[in-house]
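The values are calculated or read from the model by the stated rules, or taken from the named source; none is laboratory data. For clarity, every value in this text was computed on a predicted model and none was experimentally measured. Quick reminder, even Gly has a Cβ in these numbers, built from the backbone with ideal geometry, and neighbours come from all protein chains shown. Just so you know, the surface numbers come from the protein's heavy atoms only, side chains and all, with ligands and any DNA or RNA stripped out. Shrake-Rupley method; radii C 1.70, N 1.55, O 1.52, S 1.80 Å.
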Amino acid sequence: MSELAESKPAAGSKIAAPPRGLPGWLEIPLGGILVEPGNAVEYRTGSWRTRRPIHDPGKCTSCMICWLYCPDDAIVVREQKVVGVDKDHCKGCGICARECPVKGAMTMAEGGAY
Ligand code: SF4
Ligand code: SF4
């Protein structure tokens, strides 16, 4: 195991713990090797996030623009309405907030944790 793979966040670090007891980025194989195919849903990329989208259902018109643009399929839709963000897979890129045509319906906040 390399020196990098053995390193751990310092005590008191604000690096978020991996969700649901899964290995963090320091424990996964170097190079991001896919050891099993068809497992994209298991990669909970939400732990990479440093900014987080905030959805305001009171302002949202469910125009679906954010759903169309999200590169991670992380916009949650139920009964043809946008109801929020999949926090396990949203990487916090901010595209949804950038493309949203309704002021305040989707905004970005600092910090990855909800
Ligand atoms: S782009 Fe904005 S208004 Fe349209 S569904 Fe997404 S959050 Fe709602
Ligand atoms: S911040 Fe990026 S990954 Fe997260 S919901 Fe918006 S477009 Fe998708």
Item to check | Residue pairs meeting the criteria (Cβ under 6 Å; at least 6 apart or on separate chains; first among the small types (G, A, S), in the range 69-81; second open to solvent by 40 Å² or more (accessible area, probe 1.4 Å)) | outcome: A74/D86
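Residue by residue, here is whether (1) farther than 25 Å from E42 by Cα; (2) at pLDDT below 95; (3) of a type in the set (A, V, I, L, M, F, W, C) holds:
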| site | (1), (2), (3) |
| --- | --- |
| G58 | yes, no, no |
| C66 | no, no, yes |
| R78 | no, no, no |
| C96 | no, no, yes |
| V102 | yes, no, yes |
| T107 | yes, no, no |
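Considering only residues of the range 39-96 that are more than 29 Å from G21 (Cβ to Cβ) and among the hydroxyl-bearing types (S, T, Y), which is farthest from ligand 2 (Cβ to nearest atom)? Reasoning before the result, please.
Taking the range 39-96 as the starting set, the residues that turn out to be more than 29 Å from G21 (Cβ to Cβ) are 56-69, 79-82, 95.
Next cut, among the hydroxyl-bearing types (S, T, Y) only: 61-62, 69.
Values: T61: 17, S62: 15, Y69: 6 Å.
Checked the range 39-96; the qualifying residue farthest from ligand 2 (Cβ to nearest atom) is T61.
Mind telling me which of the residues G58, G46, G31 ends up being out of contact with any strand residue (DSSP E or B) (no Cβ under 8 Å at 6 or more places or on another chain) and within 14 Å of ligand 1 (Cβ to nearest atom)? Even if it seems obvious, please write down each step before you answer.
Values: G46 fails: within 14 Å of ligand 1 (Cβ to nearest atom); G31 fails: within 14 Å of ligand 1 (Cβ to nearest atom).
The conditions single out G58.
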Next on the checklist: Considering only residues that are under 13 Å from T50 (Cα atoms) and open to solvent by less than 70 Å² (accessible area, probe 1.4 Å), which ones fall in the range 90-114?
Outcome noted: C90, G92, G94, M108, A109, G111, G112
